[in-house]
1. Which one is surrounded by the fewest Cβ atoms within 10 Å (Cβ to Cβ), of the residues in region 212-231 that are in a loop (DSSP other than H, G, I, E, B) and without any contact (Cβ under 8 Å) to a residue 12 or more places away in the chain?
2. Which residues, counting only those in region 104-121, are without any contact (Cβ under 8 Å) to a residue 40 or more places away in the chain and under 15 Å from the mean Cα position of the chain (by Cα)?
3. Restricting to region 177-203, count the residues that are out of contact with any Pro (no Cβ under 9 Å at 6 or more places or on another chain), surrounded by 14 or more Cβ atoms within 10 Å (Cβ to Cβ) and outside any loop (DSSP other than H, G, I, E, B).
4. Of all residues in region 185-221, which are among the hydrophobic types (A, V, I, L, M, F, W, C), in contact with a Phe, Trp or Tyr (Cβ under 8 Å, 6 or more places away or on another chain) and modelled with pLDDT under 95?
5. Cβ-Cβ distance below 9 Å, separation of 6 or more or different chains: which pairs start in region 44-55 with a residue that is farther than 9 Å from residue 103 by Cβ and end on one that is among the hydroxyl-bearing types (Ser, Thr, Tyr)?
6. Quick one: in region 57-95, which of the residues that are of a type in the set (D, E, K, R) and free of Cβ contacts under 8 Å to residues at least 24 places away in the same chain is farthest from residue 106 (Cα to Cα)?
7. Counting only residues that are closer than 19 Å to residue 97 by Cβ and surrounded by 12 or more Cβ atoms within 10 Å (Cβ to Cβ), how many does region 17-42 have?
Amino acid sequence: MEHGDRRGDQSGPEGAGCTVVANYAGNDEKANAFKARTGIHVSKFNVADFEAVQAACKQIEADVGPIDILVNNAGITRDGTILKMSYDMWKEVIEVNLGGCFNTAKATFPGMRERKWGRIVNIGSINGQAGQYGQVNYAAAKSGIHGFTKALAQEGARVGVTVNAIAPGYIDTDMVAAVPPDVLEKIVAKIPVGRLGHAEEIARGVAFLCSEDAGFVTGSTLSINGGQHMY
């Protein structure tokens with residue numbers, strides 16, 4: 001998840017004129033290395049913890065300024081068929097991937113509404129659109145994000161707050177890198193462009209949806225999946 005603080009008429013990530021705060025959940029060493037490399041602020045809290053999110057967002061606003069842009073990118077997997085999936089595996093994924101969107105929007109949407117400008121981008125998934133064997137928890141959470149986006153967009157539309165989603169396909173992240181090579185080969189074979197996506201390609205979609213140019217775009221889901229699922 002990222003928080004952007006808009007400056008003047010510019011919006012988007014730091015390269016587009018915003019101050020960015022990146023949330024993380026546990027790895028202090030990697031977070032500090034990221035901060036040292038990029039200069040981007042980091043904030044540690046669990047997006048599934050409602051009270052922790054509210055407190056963290058208040059602190060971010062005190063330290064950095066009003067949160068005008070919210071990118072919900074927190075996601076975990078606990079894969080297994082429903083015969084093998086425990087309730088805890090179900091609950092944890094739903095609470096982080098979907099509940100986190102509610103918790104962060106609850107903390108930031110009121111301020112955006114008062115200031116009559118805001119951008120919320122929720123990261124869904126191709127598997128929330130098409131489903132995926134062994135991922136009833138993940139697919140349900142990501143599908144829920146798409147519905148959450150459309151409903152909240154209606155609340156923000158008349159007060160200058162847009163709410164959109166991006167549904168990435170398979171991207172060359174650490175999560176995908178953990179997939180066994182033989183399985184990954186089969187996945188890539190189903191992608192018409194013949195490769196995994198790059199994180200930068202998702203980031204450019206986020207930057208557009210956070211910009212002034214996207215002011216007439218709300219309640220939409222942008223699929224970035226190399227043609228794997230045309231929805």
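1. 216
2. Filtering region 104-121 down to residues without any contact (Cβ under 8 Å) to a residue 40 or more places away in the chain leaves 110, 114.
None - no residue of region 104-121 is without any contact (Cβ under 8 Å) to a residue 40 or more places away in the chain and under 15 Å from the mean Cα position of the chain (by Cα), so the list stays empty.
3. Result for region 177-203: 3.
4. Pass one, region 185-221, residues among the hydrophobic types (A, V, I, L, M, F, W, C): 187-189, 191, 193, 196, 199, 202-203, 206-210, 214, 216-217.
Filter once more, so that each one left must be in contact with a Phe, Trp or Tyr (Cβ under 8 Å, 6 or more places away or on another chain): 187-188, 191, 196, 214.
Result: 187, 188, 191, 196.
5. If the second residue must be among the hydroxyl-bearing types (Ser, Thr, Tyr), the pairs left are 44/24; 45/24.
6. The initial filter retains those residues of region 57-95 that are of a type in the set (D, E, K, R), namely 58, 61, 63, 68, 78-79, 84, 88, 91-92, 95.
So of that shortlist, the ones also free of Cβ contacts under 8 Å to residues at least 24 places away in the same chain come out as 63, 84, 88, 91.
Details: 63: 19, 84: 34, 88: 24, 91: 20 Å.
Checked region 57-95; the qualifying residue farthest from residue 106 (Cα to Cα) is 84.
7. 4
Conditions (1) part of a strand (DSSP E or B); (2) farther than 28 Å from residue 93 by Cβ; (3) at pLDDT 95 or above, marked per residue:
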site: 3; (1), (2), (3): yes, no, no
site: 12; (1), (2), (3): no, yes, no
site: 15; (1), (2), (3): no, yes, no
site: 26; (1), (2), (3): no, no, no
site: 31; (1), (2), (3): no, no, no
site: 34; (1), (2), (3): no, no, no
site: 43; (1), (2), (3): yes, no, yes
site: 47; (1), (2), (3): no, no, yes
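The values are calculated or read from the model by the stated rules, or taken from the named source; none is laboratory data. On a predicted model such as this, the values are computed, not experimentally measured, just so you know. Note that we place each Cβ from the backbone using ideal geometry, even for glycine, and neighbour counts take in every protein chain shown.
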